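Rule-based calculations on the coordinates, nothing more; no lab input. Just so it is clear, the model here is predicted, and its values are computed rather than measured. Because the Cβ atoms are built from the backbone with ideal geometry, glycine has one as well, and the counts that use them run over all protein chains shown.
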Amino acid sequence: MHKFRSLLPAVLFTMAYALVSLSVTNSYYQLVLTLVPVWAVFGLSWNLLSGYTGLISFGHAAFFGIGAYTTALGQIYFDLSPWLLIPVAAMLGGIAGLLIGFPTFRLQGHYFALAMLAYPLAILYVFEWLGFQEVTLPMKRDAPIAYMQFGDPRIYTLLALTIMLATIVLTRIIEQSRFGMALLAIKQNEAAAEAAGINTLAWKLRAITLSGAIAAAIGAFYAQVLLVVTPQSVFGMLVSAQALTVAMFGGVGTVWGPVIGSVILIPLAETLHAEAGARFPGIQGVIFGFAIICVILVAPEGLFWKLRDLLRKRFARATTTEVTAAPHTEQPGTAIVTPLPVARKRATSEVVLEVRNLSRSFGGLKAVQNVSFKLHKNEILGIIGPNGAGKTTLFNLLNGFLRPDQGEVLIDGRNMSGERPHTICEAGIGRTFQVMRPFLRMSILDNVVVGAYVRAKTEDEARKLAADAVARVGLSDVADRVAGELSTKELRLMELARALAGQPRILLLDETLAGLGHGEADEVVAVIQQLARDGITIAIIEHTMQAMVRLVDSFVVLDHGAVITEGEPEVVTRDNRVIEAYLGKKWVAHAPH
């Protein structure tokens, strides 16, 4: 029922727009009214890839043009109806998306954007070379409806609105599914998404395939509306720029962004082009360029998010005023928990993770040198050493963010070295990060749901696993809060919950206490102790030695990328090599006994 209610504004907007269009009789204004939903759909197709994954595409005209020429050439050479050709165009656009995405997703940032720009330009020159500089669709006076040729231009507007509404519904369904959550996680932190078990390449390929299909379908319809297709009008740079601009102006990563951008920018650009295009050639490009500058300066994420954030801040201030006026009461869950030795499952002889002669160099720097150790079931292993000793690099080797130059990482006896992070997560290894990697625009619960997808087969199961993980770290009361509003302690616990939601057998905790005050650190340590009592095997990197010696069963000590010693805390902390390399002589005087 909630999903249907969320679509109500889109349905009402479409109906209102349709009523307005039916009252317009001027053919030019009717064309402009048709172009608004056309470019909204094209913006939604761009948004499905770039808005939700953060990978900016300058090449969506490739899909748009493929769709337009499919309709034109299909009618000219095969006498096929556009009712059939539009679905064919969508299929070809999806295939093109898959073929383009597979090699191009190996690039990141501006390299990806520039690579995408090359595709429509290349196709443009190919079509010009083939002699398709201007293709006019044949008029079908005998069966105009079968060939989507209507005497009343308002019918085109109604069809465009129908396509727009269908695209909005599809996008909303994706937003609220595993698909959309995976894309948003990739956008906000791809490394964290991969570590949480999301196959980022597979989801990005699905996104560009569907995005290409939608762009090609609306390109096919666009050709039918104008009845004339040229390479520059469907493959040109301005075409890709319009998709990008309407989405960025209205707001990326939301269904309303491209719609808002199209409603404002398309009528403005078309009107100025009609009135001043002869005196100022390229006025449309100027309008879109000016719109991008305004967005960058005033609302970097677009009008939708700017207005939403302003409303949330106003609501938050009103709520704060009410809370301040109310009598002060003690809040539950704020007591400091002092970590104490607790009874838990003892480490067994079963080896769940074994590292053999692991090495990794960066140029001449040997970050990890022939590191070997074993992690036993139910053990808490502390990995310590001075800054630059190679601890985080070691973790990145263990869970697939780096490939080792040599050596093996065996999980339950199976060599997993060099596997991608999502594969290692599937094998039962969860991970937190030294520098926190939250999905800032998601709630705590949604952040943790992303981590649950690696085990959950359904959305309901993912929600249940996430709720359980949130409860285990003590964040149930604030599960609906947005991650961008959380304290450092809450973010640390949320990351821990996200790792737990995938039901790992082994947790890799990278400086989980970093940035916490003494009382906050005690609370987080208490959560880790509870996880240990529950039988989870843990490897932890941490500089807070007072807590570590009470928490871990054994230490591995690194210095300059190599293991200098390993053993129980009482032995390791009195080793002269460890004291000299890491602890310092003051430790001996103040060490816990």
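Annotations for the structure displayed:
- Inter-label distance for residue 228 and residue 136, nm, one decimal - labels placed 7 Å from Cα along Cα-to-Cβ: 0.9
- Multiplying the residue separation of residue 580 and residue 312 by 0.36 nm and subtracting their alpha-carbon distance yields 91.2 nm.
- Structure-based [θ]222 nm, the chain - -39500 (n - 2.57) summed over DSSP H runs of at least 4, per residue, nearest 500: -18000 deg cm²/dmol
- Cα centroid separation - the stretch 14-55 against the stretch 424-495, whole Å: 37
- Straight-distance crosslink candidates among aspartates and glutamates, where the alpha carbon sits under 12 Å from residue 464 and sequence neighbours closer than 8 are dropped: 446
- Summing charges over all other residues whose Cβ lies under 11 Å from the Cβ of residue 581, with Lys and Arg as +1 and Asp and Glu as -1, gives -2.
- The stretch 171-192 and the stretch 134-156: distance between their alpha carbon centers, rounded to Å: 40
- Two-site label geometry, residue 11 and residue 106: point separation in nm, points 7 Å out along Cα→Cβ: 4.8
- Principal-axis analysis of the Cα atoms of the chain puts helix 61-78 at an angle of about 40° to the longest axis.
- Packing-based ranking, highest mean first, of 62-69, 351-358, 448-455 given that Cβ atoms within 10 Å are counted: 62-69, 448-455, 351-358
- Among [x] 46; [y] 16; [z] 31, the entry derived from the coordinates for percent of Cα pairs over 45 Å apart: [z]
- Ordering 463, 577 from the fewest to the most neighbouring beta carbons within 10 Å gives 577, 463.
- Positive end of the dipole of the chain (Cβ unit charges, origin at the Cα centre): among 273, 104, 302, the Cα lying farthest that way belongs to 302.
- Inter-label distance, nm, simple model (7 Å from Cα along the C-beta direction), residue 461/residue 78: 4.1
- In terms of its C-alpha gyration tensor, the stretch 6-133 comes out oblate, because a/c is 1.5 or above while a/b does not outweigh b/c.
- Extension gain, residue 292 to residue 351: 0.36 nm times the residue separation minus the Cα-Cα distance gives 15.6 nm.
- Take the Cβ atoms of residue 95 and residue 533, set R0 to 45 Å, and the FRET efficiency comes out at 0.30.
- Acute angle (nearest 10 degrees) that the helix 154-175 long axis makes with the longest principal axis of the chain, alpha-carbon atoms: 10
- The order of the peptides 16-25, 165-174, 212-221 by mean Cβ neighbours within 10 Å, most packed first, is 212-221, 165-174, 16-25.
- Inter-centroid distance (Cα atoms) of the stretch 215-262 relative to the stretch 508-546, Å: 50
- Computed lengthening from residue 276 to residue 565, 0.36 nm per intervening residue step minus Cα-Cα distance: 96.3 nm
- Judged by the mean number of other Cβ atoms found within 10 Å, the most tightly packed of the peptides 391-403, 465-477 leads the ranking 391-403, 465-477.
- Counting only alpha carbon atoms, the long axis of helix 200-226 and the longest principal axis of the chain meet at about 10°.
- Pairwise FRET efficiency - residue 485 versus residue 191, Cβ, R0 = 22 Å, nearest 0.05: 0.50
- Of all aspartates and glutamates in the structure, those lying under 14 Å Cα to Cα from residue 489, and not within fewer than 8 positions of it along the same chain, are 511, 520, 522, 523.
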